[in-house]
Amino acid sequence: MEQIYYWVWICSVLNISRLRIARLLDRFGSIDRVYKARREEYYNIEGLTRAEADRLCSKDLTQARAIVARCMEKSIDILVYGDPRFPERLASIDDVPYVLYVRGELPPVDRCACIAVVGSRTASEYGMTAAGRISRDLAQYGAVVVTGIARGIDTAAAKGALEAGGRVIAVLGCGVDVAYPPENAGLMERIAKSGAVISEYAPGSAAIASHFPVRNRIISGLSVAALVVEAGTRSGALITANHALEQGRDVFAVPGSIFDRGSEGCNALIKSGARLCDRAGDIIEEYRGFYGFLRIAPKKADERDGDGKRPALSGAAPAEGGADKGVPRGGAASAPRPAPDFFSENEKRIYELLSKGEGGIDEIARQLSMPAAAVMSALTDMELAGYVRQTAGRRAELI
């Protein structure tokens, strides 16, 4: 137990940089000896400033004990470097996080095909649909989706994997008890129930802009590959891709329109050698030989049409004879179908109208007294879950 206090003390209380900690460990051999060293010994460490050495001379563990107590109170696990449960895959990166705070249960990372799915916070409908669909299928194959649950692509990826009953590891740039973005508080809870929400920042730590590029190395470090779904040339998702390359991970990218600036980063990655991905199978085929549990997912109407060809990610309807043959398209169903239990109240209301044949977004908004933007947002979530297709003319229909 004392070692945990020492790790929290040096990482969270003293905020000594990871590079400095690595040098201290090289010199003293263990965190115990780092903690118990004398001032003169600290002064002899190359690269350690006098101010940092003086901070190390403060042996007060009061704050560290308070952080650990808070974790115990909130059922937050603490994994420290050297713990047998600490993922070897993550421990192997150069810039290792020496402490991980965990809500939920971290999957057995070293035995899993963990796939990082990242992209733009200001994603297009195309990007959101692609992220949700590919992540859903990755989960059905048996992979674990690793993402940051920022707005946009990250959120769509996490929701897609969860709707398939899969496991998600969410890596935060704040404490695991801090919901950021705030609207994803419920999503964090869902992830923690089947997977894990993790951070190297102590509970209660606020979301600071500088934390997010730093945490990206953990997203790629936990993963065997990184998938960039949609990214401009200055997107933070490209930082994750660069970390992945430096860590020896594979990088995949979803192609986008040559006229869309939001896809310039993905298209540039593909030109530079990243593997083009337009379905989950493109990724899974690379790792099935290493992770025997990966399976062939059942054929889906939105994955292959009747000719065996993959339709575009925009959601083309299956050919005649597909998995949902006989379901009415664009008209009234023979009888209203009950909405899935996990839908929100607004989603259930929209689903009911679609079941009765009403598919116009503006008309749905009028009948339900909802803003059209809120209707479109709900429809996107329903589409990611695989129940709705948005069509031309601001309309939607059940699948």
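All of the numbers you see were taken from the coordinates with simple rules; none came from a lab. On a predicted model such as this, the values are computed, not experimentally measured, just so you know. We place every Cβ from the backbone using ideal geometry, glycine too, and count neighbours over all the protein chains shown.
Below, the figures for the structure above:
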item: Excluding exposed DSSP-loop chymotrypsin sites (Phe, Trp or Tyr not before Pro) (at most 15 other C-beta within 10 Å), longest clean stretch of the chain; result: 1-258
item: Of ARG167, ARG23, ARG295, the one that fluctuates the most in a GNM where the chain has Cα springs shorter than 10 Å; result: ARG23
item: Ordering of 357-369, 188-200 by burial proxy (mean other Cβ atoms within 10 Å per residue, highest first); result: 188-200, 357-369
item: ³J(HN,Hα), Karplus 6.51/-1.76/1.60, whole Hz, each residue of region 34-49, x for Gly, Pro; result: 4, 5, 8, 5, 9, 3, 4, 5, 5, 4, 8, 7, 4, x, 8, 6
item: DSSP-defined beta bridges in the chain - what % are antiparallel, rounded to 5; result: 40
item: Packing rank of 238-245, 390-397, where each peptide gets the mean count of other beta carbons within 10 Å, highest leading; result: 238-245, 390-397
item: Shape category assigned to region 64-216 from the gyration tensor of Cα positions, a/c cut at 1.5; result: prolate
item: Formal net charge of residues neighbouring ALA231 (Cβ-Cβ distance under 13 Å; K, R +1; D, E -1); result: -1
item: Cα gyration tensor shape of region 345-398, rounded if a/c is under 1.5, else prolate or oblate by comparing a/b with b/c; result: rounded
item: Charge sum, other residues only, whose C-beta stays under 14 Å from ALA53's C-beta, Lys/Arg counted +1 and Asp/Glu -1; result: +3
item: Tensor-based shape of the chain (alpha-carbon gyration tensor, a/c under 1.5 rounded, otherwise prolate or oblate); result: prolate
item: CD proxy at 222 nm, helix term only [per DSSP H run n ≥ 4: -39500 (n - 2.57); per residue of the chain; nearest 500]; result: -11000 deg cm²/dmol
item: Binned Cα-Cα distances of region 1-73, short to long, each 5 Å bin given as a whole percent; result: 3, 17, 31, 26, 13, 7, 3, 1
item: Environment charge of GLY175, counting only residues whose C-beta is closer than 13 Å and scoring Lys/Arg +1, Asp/Glu -1; result: +2
item: Sorted peptide list for 156-166, 44-54, criterion being average Cβ within 10 angstrom, highest first; result: 156-166, 44-54
item: Pair THR233, ALA185: separation of 7 Å Cα→Cβ label points (nm); result: 4.0
item: Folded to 0 to 90 degrees: helix 345-355 orientation relative to the chain principal axis, Cα; result: 30
